[in-house]
Each structure stands twice: as C-alpha cells, then as structure tokens.
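Rule-based calculations on the coordinates, nothing more; no lab input. Remember, it's a predicted structure, so these values are computed and weren't measured experimentally. Please note: Cβ atoms are built from the backbone with ideal geometry, for glycine as well, and neighbour counts cover all protein chains shown.
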Amino acid sequence: MPSPAAPAHPAHLSPALTLLLATATGLAVASIYYVQPLLGLLSAQFGVGSASIGLLPTLTQLGYAAAILLLSPLGDRFDRRRIILWKAAALVAALAFAAWAPGFGALCVASVAIGLMATLAQDLVPAAATLAPEAERGKRVGQVMTGLLLGILLSRVAAGSLAAVAGWRAVYGSAAVAVAALMPLLWWRLPRFVPATQAGYGELLASMGRLWLQHAPLRRAAMAQGLLSVAFSAFWSTLALVLAGPDFGQGSAVAGAFGLAGAAGALAAPLAGGMADRRGPQAVIRVAALLVFLSFAVQAVAPASLWLLVAVAVVFDLGVQAALVSHQSVVYSLDPASRSRLNAVLVSGMFVGMASGAALGSSLLAAFGWRAVPVLGAVAALGAVVVSRHGRRA
C-alpha cells in the first residue's frame, strides 16, 4: 500500500499536512464515540435493555484500550506510514460492517473492531511530533491534538443529528466514507518513517511493564486519569438513555448536541498546560479532579434539569481534559526516550477507565435509575482526588 517513492522525513511539516493529520486524527477518534447518542435508537432497534446496550460503548472502549497497549509500540519498530494506511483501511471496513450489521451480536463485533482500529489517532499524533521542526513542534502537535479533541466532542453532535434524520446506519456509513476519502491524501502526503528501534515485539511490550514498575508517577497518573475516565464515560455512555427517559423526554439530536456543551469546557483545557508550567502539574490535577467531583455531586442531589446537565458537561469535561494535559506533562518528563510507550500506558489506563465507566454506568442506570450515574461519577472522581493528593506527598 505505501508508495516506495514516498520520501522519508521531509524538512518541515507544512500547514496543509498539519491540517490533514488533524482531520484524520479527529475522524479516527470520533469513531469510538458515534455510538453514544445512538444508544436509545439501537436499544429500540434490537430490542435490548439499557444494561445490554451498554455493551456497545464498553466493547469499543476495551478494543481501543487493548490496541493502545498491544499495537501502539509497533510505531517504534515499523514504518509508521505503513501502519497508518493499513489501520485506516481496516477502520473503513469496521465502520462499513457496523453500518450493515444485521443484529446486535454483529454490531458488538463491529464495535470491538472499531475500537481496535480507531487507535489510528494514536499513530497520527506521534507522526506530527516526528515531522514537525523543533521550533514549531509544540504548535503543530497542539493543532493535531485540537483535531483529536474536536473529533471526540463533535462526533456526538454529528451522530445524533444525522441519526435523527437518516437513521443510525447512516452514521456508520458516512463515517466509513469520510475516512476512506482521506486515505488517498494520506498515501500521497505522508513520508516514510525510519523505525526508531529494532527491538522485537515481546521486548517492546516488556519494556512497558518495566516502565510501569519503575515510575511511581506513571502509575499514579494512569490510575487517577483512569478514575476520571470512569466518571467521563459513565455520563456520556448513558446520556442518550437518560435524556430519552421520562425525566427529560429528549431524542438523539439533543443527546448529540450535548457534545457542544462538552466542547465548551474541553477547548479551554489546553490553558491548563500554561498553568501547569507556572504552578506545577500536580496542582492543576488536584483542582481538575475536584471540579469533576463537585460537578457530579451537584448533579446527584439537585432536581432534574436539562440546563444542569449542560453545566455538568461543561465543568467535568474541562476538569477531565485539564487533568489529562497535566498528566501527560508529568509522564513525558519521566523518560524522553520512551515517550510513546509511556503514553501507551497512560492512555491504556484512561480507556480501561472509560470501558469500566460505560459498563458500570449502564448497569447502574438499569438497576437504580439515572441518579446512580452521577453518584458513580462523584465516587470515581473522589478516588482521583485521593490519588493526586498522594502524589503531592510522595
């Protein structure tokens, strides 16, 4: 698939290539979030309850977490361009299969495959870091990360709105077409990447285990971000079902529009990087985790209100994203030669938390009603506060 004539490592990362990488990153990561505003429609389509339908986001998140841990290290061993192109092709196939899925079981299989291949996003961001000139590296990588962030948040808006007009299958079909349309551009514009190591696959995996054992800050970062991700995913994975329930009576379009509320909070989160430089990342992490706790605690006890849900989405998305930026600052400073594997460990912890949040949130919603979901979010965020305070004493 890669062209043998493709150059290796161009002198600079052009604005056009930066935009291409940001767009591809956003579309790739969006694939794992399309399902969230569709859960009410899918539950009715396949005749399954809220606990069972929660398998879809859970399996997607678990697939993503597994691929981050098991596939991301390959970017150090093989030409990253080849990996990007093959993953993009496999993601198109997984999305197309989801659009066609004749039953709930098939859609579960498609969800796992989408999660596995959506880790294309985690290959594109390091590609930008490698290609960017030293003087513009932070700026260019930040632009690509903006694409990733917008993909996470606006995917819900797009999926909810399109499903309300054309049905849920159109969401997956359109997503497959969008990724397929970018593949020729990626094939044409991406250079070849020289592998950074000749270490075997087993050695790469073993090195991540050693990094986990060696660095206590890495363990704390993965655990704290994982706990915040439980709260994050429990909210977003059950929102469509909560909104469709008797307390709110809203459809998929409203559920998708909540992505705009999340974007309002999360787009402010990059400011946390500057604050982390001035006050230290641990201070930002503690404040961010406390914001997440307070937002869910208020939701758990306050009267049912659509506007309160919007406010909660803004505040806790800000807290979760600010904590992630600060945790990355902590982790990347541990061992510059192992940053991709350190990132794989951190992101794996985060997505294990997301998968757990999706599963627990759906089960609690089915058993105890929607109030149980913010209680779960508050408890998980409080755990993150405790972990971050331990980091301050260490």
Point to revise | Signed unit charges on C-beta, dipole axis of the chain, positive-most listed residue Gly105, Val157, Val375 | key: Val375
Review point. Could you state the number of Å between the C-alpha centres of the range 10-50 and the range 217-262?
Key: 16 Å
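For Leu185 and Glu203, calculate 0.36 nm times their separation in residues minus their Cα-Cα distance, and state this gained length in nm to one decimal. Could you put the intermediate results ahead of the total?
Working: separation 18, 0.36 × 18 = 6.48 nm, distance 3.36 nm.
Result for the pair: 3.1 nm of gain on full extension.
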Check your understanding: How far, in nm, would the chain grow between Ser333 and Ala16 when pulled straight, counting 0.36 nm per residue and subtracting the alpha carbon separation?
Key -> 111.1 nm
**Study point:** Cα gyration tensor shape for the range 200-250, rounded if a/c is under 1.5, else prolate or oblate
**Key:** oblate
Check your understanding: What FRET efficiency do you get for Ala311 and Trp86 if R0 is 56 Å and r is their Cβ-Cβ distance, rounded to the nearest 0.05?
Key -> 0.85
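Please give the calculated 222 nm ellipticity per residue for the chain, where each DSSP H segment of at least 4 residues contributes -39500 (n - 2.57) and the sum is spread over every residue; nearest 500 deg cm²/dmol? Could you put the intermediate results ahead of the total?
Values: 17 runs with 309 residues, N = 394.
The per-residue figure over the chain is -26500 deg cm²/dmol.
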Review point. Among Leu95, Thr238, Ala344, whose Cα sits farthest toward the positive end of the charge dipole of the chain (+1 at Cβ of Lys/Arg, -1 at Cβ of Asp/Glu, about the Cα centre)?
Key: Ala344
**Study point:** Dipole magnitude of the chain, debye to nearest 20 (Cβ charges: Lys/Arg +1, Asp/Glu -1, about Cα centre)
**Key:** 640 debye
Check your understanding: Taking the Cβ-Cβ separation of Arg389 and Leu213 as r and a Förster radius of 25 Å, what is the calculated FRET efficiency to the nearest 0.05?
Key -> 0.65
Point to revise | Whole-angstrom gap from the range 344-394 to the range 158-207, using each part's C-alpha centre | key: 27 Å
**Study point:** DSSP H segments from the chain that extend 27 Å or more along their own axis, Cα-based, with Kyte-Doolittle mean of 0.0 or above
**Key:** 80-100, 137-166, 168-189, 216-244, 281-301, 306-332, 339-368, 372-393
